[in-house]
Amino acid sequence: MSASIETWRARLPAAFGATRAQVMTRRLGWTAFLLWLAAVLWWFDFTPVRLWNGLSGLGVIIVMMIPPSPGELWVEILKGIAESVAMAFLGTFLSATVAIPLGFLGAGNVVTATLLRFSIRRVFDGFRGVDQLIWALAFVRAVGLGPLAGVLAIFTADIAVLAKLYAEAIENVERRQSEGVIAAGGSKLAALRFGVLPQVLPVMLAQALYFFESNTRSAAILGVVGAGGIGLQIAERIRVRHWDEVAFIIILMIITVGVIDWISGKVRRKLIGERGRQPV
Amino acid sequence: MLQIQSLTRRFGERTAVNEVSLSIPAGQMVGVIGRSGAGKSTLLRMLNRLTEPSSGRILHDGMDVTALKGQALRDWRTRCAMIFQQFNLVQRLDVLTNVLVGRLNHRPLISSLLGRFTAAERAMALEALDRFDLADQALQRADTLSGGQQQRVAIARALMQQPRVILADEPIASLDPRNAKVVMDALRDVNKRDGLTVLVNLHHLDTAREYCDRIVAMQAGRVMFDGTPAELTAEKVREIYGVDEAEFHEQAEEAVRPKHTVAA
Amino acid sequence: MSAAFHTDISPVVATGEAAFQAARQQRRLATLVAIAVLVPCLLLAGWVSEAWPSTIWAGLPRIGEYFWRILPSLSLDHLFGGTKTEGSLAFWFYRAPEWLWLLFETANMAALATLMGSAVSLVLAFPAARNLSPSPLIYQLTRRGLEALRTVPEIVYALIFVWAFGVGALAGILAIALHTAGANGKLFAEAIENTDLGAWDGVRSAGGSWALACRYAILPQVLPNLISYFLLRFEVNIRSASVVGFVGAGGIGAELYQVISFNYYEEISAIILLIILAVASIDLLSERLRHAIIGRLGGPA
């Protein structure tokens with residue numbers, strides 16, 4: 001057998017493992033990775049003692065969460081949930097409305113000035129880098145505590161992304177239909193209204209609904225920085241360590257998000273389904 | 001000796017394999033023929049225990065295969081290697097590793113998970129590949145190979161398991177005639193040279209007649225014929241399937257064709 | 001349309017016209033219903049969230065003023081002056097070394113959290129894939145578990161972990177990792193569900209155990225997808241890591257929270273600009289990496 005190993009090793013050396021250079025680079029890569037891992041673990045203080053203490057603390061918290069209880073101020077909790085959903089709805093509605101003209105501006109079909117479009121896209125991307133919570137904190141300072149700051153934060157954070165998606169939807173439009181309108185003697189505006197809008201509107205609506213779903217999740221936490229909604233309630237209860245109420249709120253949040261997902265998913269399917277049934 | 005005793009498999013209402021009993025001596029090459037849906041595939045998959053039998057028993061040299069669990073079951077699977085119509089190689093891995101998969105059950109779990117195969121195992125895999133003229137392709141990705149080459153890699157993998165039995169489920173249905181011949185020759189070679197029992201599902205009667213010592217014809221989950229190729233006359237085929245041989249081929253070809261596209 | 005035109009209309013055209021009118025009426029009705037639902041919803045939402053046109057209108061000047069004050073007062077004459085010169089870039093970014101270090105910390109937090117979370121999801125994704133799961137019970141348990149992990153936002157985990165593990169990056173990393181485990185676990189499991197099971201049968205029929213079949217038959221097929229999801233999640237987690245500091249869980253968030261709370265106007269814009277630049281460059285880098293990996297390992301299956 002060993003004789004055949006030698007023959008094969010001579011004939012196909014690569015089959016018996018990597019070359020020295022490959023082994024070296026691989027080792028180097030692993031060493032660098034492990035060094036980085038050790039360094040960050042040390043830096044962020046991942047000591048067994050700290051982890052153990054934290055986990056036992058977490059265990060105590062989880063035990064105290066059971067059974068979840070609405071507490072005495074359950075009206076406030078319900079109000080917070082309603083506020084979160086309302087913030088998400090209004091924020092999404094406003095950004096979806098404003099994003100339509102912006103989308104047309106950003107779309108290559110409509111605006112042909114490349115430089116302008118390029119810079120608009122960059123600005124869109126820049127907005128995307130800022131988390132909603134940062135916007136919320138800034139708006140709390142600007143217009144005061146309360147849900148209005150949350151609505152504005154959702155509006156600002158989403159508008160760029162939605163406008164970008166809308167621009168893409170408009171670019172994907174079939175040109176034949178608007179060309180048809182113009183060929184039939186329609187104006188440029190009529191071409192937009194009858195040629196482009198019917199094609200993109202269901203897509204835009206579906207995307208807005210999708211954003212509504214994700215905003216319901218984020219609206220639930222904007223209250224942590226004082227921008228209204230259920231987040232405020234949860235932060236306060238964590239501060240005073242009413243863990244059973246925290247658990248109740250988390251469960252309520254999960255249920256609310258689930259219900260909104262379900263409703264919006266149904267409507268979205270209907271929209272896309274309707275689009276599918278339209279003769280092309 | 002492989003003994004199958006009133007083996008049955010039901011899928012809901014449908015009975016795919018119905019009370020099949022066969023006794024296959026070691027070293028025999030058996031062709032199982034029948035239309036698509038006759039239960040040939042299910043029969044072979046039950047022998048390897050990829051599909052669980054609903055009732056009946058499988059015995060190999062007196063050991064009850066149907067009762068095996070865990071490590072013992074995996075050991076049995078190693079001893080009865082399986083070859084598939086779609087080759088079932090890991091397309092993104094190189095040919096050598098695909099062949100080495102046949103050794104997985106022979107080695108410790110941790111080194112298997114890490115992919116650390118020994119030099120002896122590599123040499124053994126290359127030898128198995130070389131037997132089918134594929135040693136030079138050992139380091140290519142499996143999906144760069146033609147169908148015929150892939151099926152031969154699958155046979156090399158099967159040999160790596162050092163099996164006693166080889167189960168081949170429509171091994172040539174996705175291949176052109178030239179490659180089909182190469183693969184069938186390879187199967188005959190392992191049967192004759194290594195003395196392995198080979199059970200091969202075929203939809204082509206001529207191939208079965210040419211290569212097999214014994215032919216088992218199935219229809220609707222039952223064994224309708226069991227004998228030598230000479231005994232399977234044209235009248236016999238008409239008697240079992242109600243059509244003549246040419247029509248039978250046409251229907252069988254039709255049934256396996258849609259699966260061809262998957263091979264790409 | 002004139003009456004004369006109507007007289008010689010064929011019955012086919014008439015039925016077509018009727019169908020067209022019916023369809024149009026139906027569409028009008030749908031629009032009306034949509035408006036009838038939307039308007040009360042909007043009114044209700046406005047009432048609950050105290051966001052009336054009037055309040056928004058009244059808020060606009062304050063918003064304008066706030067964001068105007070955030071902008072740095074740069075003067076062209078002194079643009080490249082030192083840290084002591086008012087109106088220079090250096091004056092605007094006078095604490096840049098500190099902020100860059102915090103950003104570096106944030107990026108490392110995100111990387112470690114993504115790594116830890118994805119490692120957990122890699123282990124859980126196989127039992128959570130419907131086609132491979134050893135039993136329906138295990139499938140339901142792992143899948144629902146991943147869903148629960150995913151639904152709770154990072155910041156809520158962070159709030160709780162700051163209590164349990166103390167203030168600092170550790171709490172933030174664990175919070176992001178936990179959410180990542182849920183989010184990536186679902187994506188990984190879906191990728192696994194889309195694999196070709198032929199290779200699985202091949203490995204199993206050769207006597208490979210469940211774990212070995214996952215390693216040899218499934219992992220090579222899904223690896224490019226998993227790496228892609230990993231990098232995408234890293235991009236998302238950079239953003240999350242920049243805000244967990246709001247609740248004391250490490251990174252640049254704590255600093256940002258302070259400068260916003262104490263109205264250090266120009267520093268706000270400086271930090272946010274740095275965050276945008278960091279996020280954008282990491283996005284770019286990760287996009288390059290994704291394309292390189294897809295190029296090398298072959299496109300997602």
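Can you name the residue in the stretch B:68-119 that is among the small types (Gly, Ala, Ser) and at pLDDT 85 or above and is also surrounded by the fewest Cβ atoms within 10 Å (Cβ to Cβ) among such residues?
Step one: list which residues in the stretch B:68-119 are among the small types (Gly, Ala, Ser), which gives B:70, B:72, B:81, B:102, B:111-112, B:115, B:119.
Those still in the list that are at pLDDT 85 or above too: B:70, B:72, B:81, B:102.
Values: B:Gly70: 8, B:Ala72: 12, B:Ala81: 28, B:Gly102: 28.
Only one residue tops the list, namely B:Gly70.
When you scan the stretch B:182-204, how many residues do you find that are open to solvent by 20 Å² or more (accessible area, probe 1.4 Å) and not charged (D, E, K, R)? Show your work before the answer.
Keep residues of the stretch B:182-204 that are open to solvent by 20 Å² or more (accessible area, probe 1.4 Å), which gives B:182, B:185, B:188-189, B:192-195, B:204.
Next, from what is left, pick out any that are not charged (D, E, K, R): B:182, B:195, B:204.
The total comes to 3.
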Seminar exercise, completed: Residue hits (the stretch C:252-280; open to solvent by 30 Å² or more (accessible area, probe 1.4 Å), within 10 Å of another protein chain (Cβ to nearest Cβ) and assigned to a helix (DSSP H, G or I)) are C:Tyr257, C:Ser261, C:Tyr265, C:Ile272, C:Leu273, C:Ile276, C:Leu277, C:Ala280
Exercise. In the stretch B:107-124, how many are assigned to a helix (DSSP H, G or I) and under 16 Å from C:Val203 (Cα atoms)?
Worked result: 3
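Yes or no, residue by residue, for (1) aliphatic (A, V, I, L, M); (2) open to solvent by less than 30 Å² (accessible area, probe 1.4 Å); (3) at pLDDT 85 or above:
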residue: A:Glu83; (1), (2), (3): no, yes, yes
residue: A:Leu116; (1), (2), (3): yes, no, no
residue: A:Phe124; (1), (2), (3): no, yes, no
residue: A:Trp135; (1), (2), (3): no, no, yes
residue: A:Phe139; (1), (2), (3): no, yes, yes
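Kindly provide the set of residues from the stretch C:66-78 that are within 11 Å of another protein chain (Cβ to nearest Cβ) and open to solvent by less than 100 Å² (accessible area, probe 1.4 Å), ordered by number. Break it down stepwise before answering.
Filtering the stretch C:66-78 down to residues within 11 Å of another protein chain (Cβ to nearest Cβ) leaves C:66-70.
The answer is C:Tyr66, C:Phe67, C:Ile70.
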For this session: Tell me which residues, restricted to the stretch A:53-73, are surrounded by 15 or more Cβ atoms within 10 Å (Cβ to Cβ) and part of a helix (DSSP H, G or I).
Result: A:Gly54, A:Gly57, A:Leu58, A:Ile61, A:Met65
Problem set entry | Looking only at the stretch C:79-99, and only at residues there that are in a helix (DSSP H, G or I) and either out of contact with any Phe, Trp or Tyr (no Cβ under 8 Å at 6 or more places or on another chain) or polar (S, T, N, Q) (or both), the one that is farthest from C:Leu277 (Cα to Cα) | C:Phe91
Exercise. Hey, C:Ala199 hits all of (1) surrounded by 24 or more Cβ atoms within 10 Å (Cβ to Cβ); (2) touching a residue at least 60 places away in the same chain (Cβ under 8 Å) but one; which does it fall short on?
Worked result: (2)
For this session: Pairs only if they're at least six apart or on different chains, beta carbon under 7 angstrom, first in the stretch C:51-76 and in contact (Cβ under 8 Å) with a residue 60 or more places away in the chain and under 14 Å from C:Tyr264 (Cα atoms), second assigned to a loop (DSSP other than H, G, I, E, B) and open to solvent by less than 100 Å² (accessible area, probe 1.4 Å); list them, first residue then second.
Result: C:Ser73/C:Gly87
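Does B:Gly56 fit the bill of being over 23 Å from B:Glu170 (Cα atoms), out of contact with any Gly (no Cβ under 8 Å at 6 or more places or on another chain) and not in a loop (DSSP other than H, G, I, E, B)? If you could, list the steps in order and put the result at the bottom.
Working: over 23 Å from B:Glu170 (Cα atoms): yes; out of contact with any Gly (no Cβ under 8 Å at 6 or more places or on another chain): yes; not in a loop (DSSP other than H, G, I, E, B): yes.
Considered against the rule, which asks whether it is over 23 Å from B:Glu170 (Cα atoms), out of contact with any Gly (no Cβ under 8 Å at 6 or more places or on another chain) and not in a loop (DSSP other than H, G, I, E, B), B:Gly56 comes out as yes.
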Exercise. Yes or no: B:Ala81 hydrophobic (A, V, I, L, M, F, W, C), under 30 Å from B:Leu175 (Cβ atoms) and part of a helix (DSSP H, G or I)?
Worked result: no
Problem set entry | Residue count, the stretch C:232-243 (criterion: in contact with a helix residue (DSSP H, G or I) (Cβ under 6 Å, 6 or more places away or on another chain) and either on the phi > 0 side of the Ramachandran plot or more than 9 Å from chain A (Cβ to nearest Cβ) (or both)) | 5
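Can B:Thr66 be described as over 22 Å from the mean Cα position of the chain (by Cα) and hydroxyl-bearing (Ser, Thr, Tyr)? Walk me through how you get there before you give the answer.
Working: over 22 Å from the mean Cα position of the chain (by Cα): no; hydroxyl-bearing (Ser, Thr, Tyr): yes.
Judged against the criteria, B:Thr66 is not a match.
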For this session: Taking the options C:Leu102, C:Leu122, C:Leu141, name whichever one is touching an Asp or Glu at 6+ places or on another chain (Cβ under 7 Å) and either open to solvent by less than 20 Å² (accessible area, probe 1.4 Å) or part of a helix (DSSP H, G or I) (or both).
Result: C:Leu102
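Restricting attention to helices (runs of 4 or more DSSP H) lying wholly within the stretch A:142-248, give those where 2 or more residues are at pLDDT below 85. Step through it out loud before you land on a result.
On the way: elements: A:147-171, A:175-183, A:197-222, A:230-239.
Counting at least 2 such residues, we get A:147-171, A:175-183, A:197-222.
In the stretch B:1-18, how many residues are open to solvent by 10 Å² or more (accessible area, probe 1.4 Å), within 18 Å of B:Asp64 (Cβ to Cβ), part of a strand (DSSP E or B) and modelled with pLDDT under 90?
Within the stretch B:1-18, the first condition is being open to solvent by 10 Å² or more (accessible area, probe 1.4 Å), and the residues that meet it are B:1, B:3, B:5-6, B:9-15, B:18.
When the remaining residues are screened for being within 18 Å of B:Asp64 (Cβ to Cβ), the result is B:1, B:3, B:5-6, B:9.
Pick out the ones that are also part of a strand (DSSP E or B) and you get B:3, B:5-6, B:9.
Next cut, modelled with pLDDT under 90 only: B:3, B:5-6.
Counting residues in the stretch B:1-18 that are open to solvent by 10 Å² or more (accessible area, probe 1.4 Å), within 18 Å of B:Asp64 (Cβ to Cβ), part of a strand (DSSP E or B) and modelled with pLDDT under 90 gives 3.
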Exercise. Out of the residues in the stretch C:125-138 that are over 25 Å from the mean Cα position of the chain (by Cα) and outside any loop (DSSP other than H, G, I, E, B), which is surrounded by the most Cβ atoms within 10 Å (Cβ to Cβ)?
Worked result: C:Ile138
Seminar exercise, completed: Among strands (runs of 3 or more DSSP E) entirely within the stretch B:186-227, at least 2 residues that are over 15 Å from B:Asp169 (Cα atoms) and aliphatic (A, V, I, L, M) occur in B:222-227
For this session: State whether one or more residues within the stretch C:151-171 are under 15 Å from the mean Cα position of the chain (by Cα), assigned to a helix (DSSP H, G or I) and surrounded by fewer than 23 Cβ atoms within 10 Å (Cβ to Cβ).
Result: yes
Exercise. Of the residues A:Glu213, A:Glu168, which is within 16 Å of A:Ile100 (Cα to Cα) and either over 18 Å from the mean Cα position of the chain (by Cα) or not polar (S, T, N, Q) (or both)?
Worked result: A:Glu168
Exercise. So which residues in the stretch A:2-38 are more than 10 Å from every other protein chain (Cβ to nearest Cβ), open to solvent by less than 80 Å² (accessible area, probe 1.4 Å) and at pLDDT 80 or above?
Worked result: A:Ala21, A:Val23, A:Gly29, A:Thr31, A:Ala32, A:Ala38
For this session: Would you mind telling me which numbered condition in (1) farther than 23 Å from A:Gly258 by Cα; (2) within 17 Å of the chain's Cα centre (by Cα) A:Gln207 fails?
Result: (1)
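Could you check how many residues of the stretch B:38-66 are at pLDDT below 85 and open to solvent by 20 Å² or more (accessible area, probe 1.4 Å)? First the steps, then the outcome.
First, pick out the residues of the stretch B:38-66 that are at pLDDT below 85: B:38, B:62.
This time we only want the ones that are open to solvent by 20 Å² or more (accessible area, probe 1.4 Å), so: B:62.
Result for the stretch B:38-66: 1.
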Seminar exercise, completed: Of the residues in the stretch C:193-231, those that are more than 8 Å from chain B (Cβ to nearest Cβ), within 21 Å of C:Arg296 (Cβ to Cβ) and part of a helix (DSSP H, G or I) number 11
Exercise. Given the conditions (1) surrounded by fewer than 19 Cβ atoms within 10 Å (Cβ to Cβ); (2) part of a helix (DSSP H, G or I), which single one is not true for B:Gly27?
Worked result: (2)
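Would you be able to say whether some residue in the stretch B:227-239 is more than 22 Å from B:Val153 (Cα to Cα), within 15 Å of the chain's Cα centre (by Cα) and modelled with pLDDT of 85 or more? Even if it seems obvious, please write down each step before you answer.
In the first step, residues of the stretch B:227-239 are kept if they are more than 22 Å from B:Val153 (Cα to Cα); the result is B:227-239.
Those still in the list that are within 15 Å of the chain's Cα centre (by Cα) too: none.
Looking through the stretch B:227-239, none of the residues is more than 22 Å from B:Val153 (Cα to Cα), within 15 Å of the chain's Cα centre (by Cα) and modelled with pLDDT of 85 or more.
Residue-by-condition table, conditions (1) of a type outside the set (Ser, Thr, Tyr); (2) at pLDDT 85 or above:
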{"position": "C:Gly251", "(1), (2)": "yes, yes"}
{"position": "C:Tyr257", "(1), (2)": "no, yes"}
{"position": "C:Glu267", "(1), (2)": "yes, yes"}
{"position": "C:Ile272", "(1), (2)": "yes, yes"}
{"position": "C:Ile275", "(1), (2)": "yes, yes"}
{"position": "C:Leu285", "(1), (2)": "yes, yes"}
{"position": "C:Ile293", "(1), (2)": "yes, no"}
{"position": "C:Pro300", "(1), (2)": "yes, no"}
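The values are calculated or read from the model by the stated rules, or taken from the named source; none is laboratory data. Model, not experiment: these values are computed from the prediction. With ideal geometry, Cβ positions are generated from the backbone for all residues, glycine too; neighbour counts draw on all protein chains shown. The protein model used for the area step is the full one, side chains on, heavy atoms only, and it has no ligands, DNA or RNA in it. Shrake-Rupley method; radii C 1.70, N 1.55, O 1.52, S 1.80 Å.
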